[in-house]
Amino acid sequence: MSNLSYLEKLLDGVEVEWKKLADVFQLKNGYTPSKSKKEFWENGTVPWFRMDDIRENGQILDGSLQKVSESAIKGGKLFSENSIIIATSATIGEHALIRVPFLANQRFTNLSLKPGYKDTFNSKFIFYYCFILADWCKKNTTMSSFASVDMDGFKKFPFPIPCPNNPEKSLAIQAEIVRILDAFTTMTAELTAELNMRKKQYNYYRDQLLSFEDGEVEWKALGDVCESITSGKNKDKSETGKFPVYGSTGVIGRTNIKAYEIEQILVARVGANAGRVNIASGEYDVSDNTLILKLKTKYNLKFLYYYLVNLNLNRFVKGAGQPLLTAGQLKTMVIPVPTPEEQSRIVSILDNFDSITNSINEGLPREIELRQKQYEYYRDLLLSFPKSDTTEVL
């Protein structure tokens with residue numbers, strides 16, 4: 001049986017009752033305890049959720065970055081565990097399922113089930129359906145000093161109860177929907193963890209290979225290793241042309257006049273990308289916002305490239321309004337110069353790692369993207385319950 005026919009069978013003939021959000025949930029705004037009362041913020045044990053806690057939309061959280069003392073609890077009552085917070089102002093639509101009793105910032109609206117509905121819903125079913133609510137929130141905002149959700153419409157947002165006259169079947173359907181969506185999110189999380197692990201592994205070995213102790217190698221000023229360090233001249237790039245024009249982010253345009261036809265290292269010298277390192281080869285020109293490092297023939301260009309990338313030249317940039325890295329700064333930088341054989345060995349290893357990384361970047365991220373799209377497709381399919389002609393659709 002295909003996944004689609006299975007899903008169709010799961011939802012086939014399912015009766016759905018639609019309720020206004022405010023009929024099912026107690027809707028309460030969060031609040032921020034007084035900053036002037038130190039006792040609220042010292043030795044805290046009560047989770048207080050802020051926007052910073054939701055680092056990506058749609059999370060299940062057991063704790064917060066900030067905690068407050070019990071004396072800060074307004075009215076002596078916490079929001080209940082297994083309830084939802086959703087941002088109804090500022091970062092509209094970001095939401096989370098909170099597994100512990102808690103407090104929340106005033107930018108959040110808390111959704112806690114009313115007593116008559118506590119046995120009607122699976123909390124993770126509510127969490128997944130809130131992705132649909134979040135999309136609605138983003139499309140229904142009002143503007144004053146900052147964006148806010150249309151709260152009158154929010155209270156009327158239609159929320160589904162599958163099989164309202166058969167609570168056992170209703171919960172079984174909700175549990176199966178949760179099981180399917182959990183499987184997709186787990187798969188994506190595992191792929192993301194593997195990608196991060198491989199990147200850390202690559203960075204570790206790169207750092208090890210490019211770290212040298214005093215006395216291990218000769219050290220020279222970069223100006224002595226290069227024949228010249230100069231700025232590009234091109235100010236006349238276009239979308240068409242025979243030759244690429246390199247700038248701070250790589251190829252940024254085209255030209256019909258080539259200026260260079262040798263392999264060289266390029267370093268962005270101005271703007272947000274100042275310090276970024278590229279290699280240019282073939283026939284090309286270079287933008288005037290980029291420095292050109294013409295290396296002396298006895299040095300390994302690829303070794304220098306890897307070393308400068310690992311050095312993170314951006315940290316040497318000066319100026320806040322218009323960040324700048326000058327040729328003079330580069331010339332005085334002292335770099336290691338291993339023997340030619342050692343440079344070649346290091347380049348060979350890093351080229352291999354770079355090849356693996358490119359494979360990772362083409363493989364795992366693409367797989368993660370596909371799994372995310374697949375998850376979103378089935379989420380929309382599973383949560384698209386039929387609406388009657390009398391259902392209020394906002």
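The values are calculated or read from the model by the stated rules, or taken from the named source; none is laboratory data. Here the structure is a predicted model, which means the values were calculated and not measured. Here Cβ is always computed from backbone atoms with ideal geometry, including for glycine, and neighbour counts include all displayed protein chains. Ligands, DNA and RNA are stripped out before the accessible areas are found, and what is left, the full protein with its side chains, is counted by its heavy atoms. Shrake-Rupley method; radii C 1.70, N 1.55, O 1.52, S 1.80 Å.
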Note to self: C-alpha centroids of region 33-78 and region 224-299 sit apart, in Å, by 51 Å
Whole-percent carbon and sulfur contribution to the accessible surface of the chain (1.4 Å, no ligands, DNA or RNA) stands at 48 percent
Computed over region 227-367, the convex hull of the Cα set has an average projected area, in nm², of 10.0 nm²
Residues other than Gln329 with Cβ under 10 Å of its Cβ, Lys/Arg counted +1 and Asp/Glu -1, net out at +3
Pairs over 28 Å Cα to Cα, from Lys200/Lys294; Lys220/Lys242; Lys19/Lys139, come to Lys200/Lys294; Lys220/Lys242
Here the net charge surrounding Asn314, from other residues whose Cβ is less than 12 Å away from its Cβ (Lys, Arg +1; Asp, Glu -1), is +4
Candidate cut points under GluC sites (Glu not before Pro) in region 38-98, DSSP loop plus at most 14 other Cβ atoms within 10 Å of their own Cβ, are Glu42, Glu56, Glu81
Any chymotrypsin sites (Phe, Trp or Tyr not before Pro) in region 197-250 that lie in a DSSP loop and have at most 14 other Cβ atoms within 10 Å would be none
Given a Förster distance of 56 Å, the FRET efficiency implied by the Cβ-Cβ spacing of Glu283 and Arg179, rounded to the nearest 0.05, works out to 0.45
Per the rule of 0.36 nm per residue minus the C-alpha distance, extending Asp224 to Leu324 adds in nm 33.8 nm
Stretched fully, the stretch from Asp380 through Lys77 gains (0.36 nm per residue minus C-alpha distance, one decimal, in nm) 105.5 nm
Glu42 and Ala189 label points (each 7 Å along its Cα→Cβ direction) are spaced in nm at 3.8 nm
All alpha-carbon distances of region 1-104, grouped into 10 Å bins from 0, give the whole-percent distribution 13, 35, 27, 14, 8, 3, 0
Place a point 7 Å from the Cα of Asn29 in the direction of its beta carbon; the residues of region 102-132 whose amide N falls under 19 Å from it are 103-112
Using eta = 1.002 mPa s and T = 20 °C, Stokes-Einstein with Kirkwood Rh from Cα pairs puts D for the chain, in µm² s⁻¹, at 82 µm²/s
Dividing the alpha-carbon radius of gyration of region 159-243 by 2.2 N^0.38 Å, where N counts its residues, gives 2.47
The lysines whose Cα lies under 28 Å from the Cα of Lys35, excluding any fewer than 8 residues away in the same chain, are Lys67, Lys74, Lys77
Per the rule of 0.36 nm per residue minus the C-alpha distance, extending Thr240 to Leu370 adds in nm 43.5 nm
The value for region 45-201 (convex hull of the alpha-carbon atoms, volume per residue, Å³) is 150 Å³
Computed over the chain: longest principal axis from alpha-carbon atoms vs helix 167-209 long axis, angle to nearest 10 degrees, is 20 degrees
For the chain, the charge dipole (Cβ of Lys, Arg +1; Cβ of Asp, Glu -1; about the Cα centre) points to a positive end, and the Cα of Thr339, Asn314, Ile279 closest to that extreme belongs to Asn314
Here the FRET efficiency for Met151 versus Lys199, based on Cβ atoms and R0 = 35 Å and rounded to 0.05, is 0.25
Dividing the helical contributions, -39500 (n - 2.57) per DSSP H run of n ≥ 4, by the residues of the chain yields a 222 nm value, nearest 500 deg cm²/dmol, of -12000 deg cm²/dmol
Measuring from its Cα centre, the chain shows a charge dipole (+1 at each Lys and Arg Cβ, -1 at each Asp and Glu Cβ) which, in debye to the nearest 20, is 1100 debye
Expressed to one decimal in nm², the mean projection of the alpha carbon convex hull of region 224-304 is 5.0 nm²
